[in-house]
Amino acid sequence: MPAPAEDDGILRITTAAQPPVEEARRVLFVIDDQEFTVPKVIDERLVYLAVESMRNDGAVFSGQRLVELLLGKPQYSDLLALYEQKKINQENFDAIVRTVSNLFFDHMNSDEDAAGKATAAS
């Protein structure tokens, strides 16, 4: 996406369609040979959306939203279908939410650690 441009003190942002960017992903878990993947790099947009969900919805619901954000809607729908069909149980579902949450919060902590080290080095 192009950077915002300032003309005459007015911030102008263009939202014209951008070509899709292939996102690098990695397998996080597998259910019956179906691989569920997450981004290799959790970008700022996902961090913002997840934190906003935590702020608005609380921990329980934001955990599910976090899973949806990192898996993407199609994979999240597949996961919910397996849960609804009782092919995975609550314990399995909770383990998946925990795994995704741990991935996210480990990422958040590593980013904070890197920012702190950069500040200390300055």
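The values are calculated or read from the model by the stated rules, or taken from the named source; none is laboratory data. This structure is a prediction, so every number in the text was calculated from the model and none was measured. Here Cβ is always computed from backbone atoms with ideal geometry, including for glycine, and neighbour counts include all displayed protein chains.
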Q) Within the range 100-122, can you find the residues that are over 16 Å from residue 46 (Cβ atoms), among the hydroxyl-bearing types (Ser, Thr, Tyr) and either at pLDDT 70 or above or surrounded by 10 or more Cβ atoms within 10 Å (Cβ to Cβ) (or both)? A) none
Q. Which of the residues belonging to the range 1-43 are at pLDDT below 85, out of contact with any Asp or Glu (no Cβ under 9 Å at 6 or more places or on another chain) and not in a loop (DSSP other than H, G, I, E, B)?
A. 5, 6, 7
Q. Scanning the range 38-77 for residues that are buried (at least 17 other Cβ atoms within 10 Å of the Cβ) and hydroxyl-bearing (Ser, Thr, Tyr), which turns out nearest to residue 93 (Cα to Cα)?
A. 76
Q. For the subset of the range 21-34 comprising residues that are over 17 Å from the mean Cα position of the chain (by Cα) and among the charged types (D, E, K, R), which member is surrounded by the fewest Cβ atoms within 10 Å (Cβ to Cβ)?
A. 33
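A quick yes/no check of all residues on (1) hydrophobic (A, V, I, L, M, F, W, C); (2) touching a His at 6+ places or on another chain (Cβ under 8 Å); (3) closer than 20 Å to residue 106 by Cβ:
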residue: 39; (1), (2), (3): no, no, yes
residue: 44; (1), (2), (3): no, no, yes
residue: 62; (1), (2), (3): no, no, yes
residue: 67; (1), (2), (3): yes, no, yes
residue: 70; (1), (2), (3): yes, no, yes
residue: 74; (1), (2), (3): no, no, no
residue: 79; (1), (2), (3): yes, no, no
residue: 89; (1), (2), (3): no, no, no
(Q) Please count how many residues of the range 80-98 are among the acidic types (Asp, Glu) and modelled with pLDDT of 95 or more. (A) 2
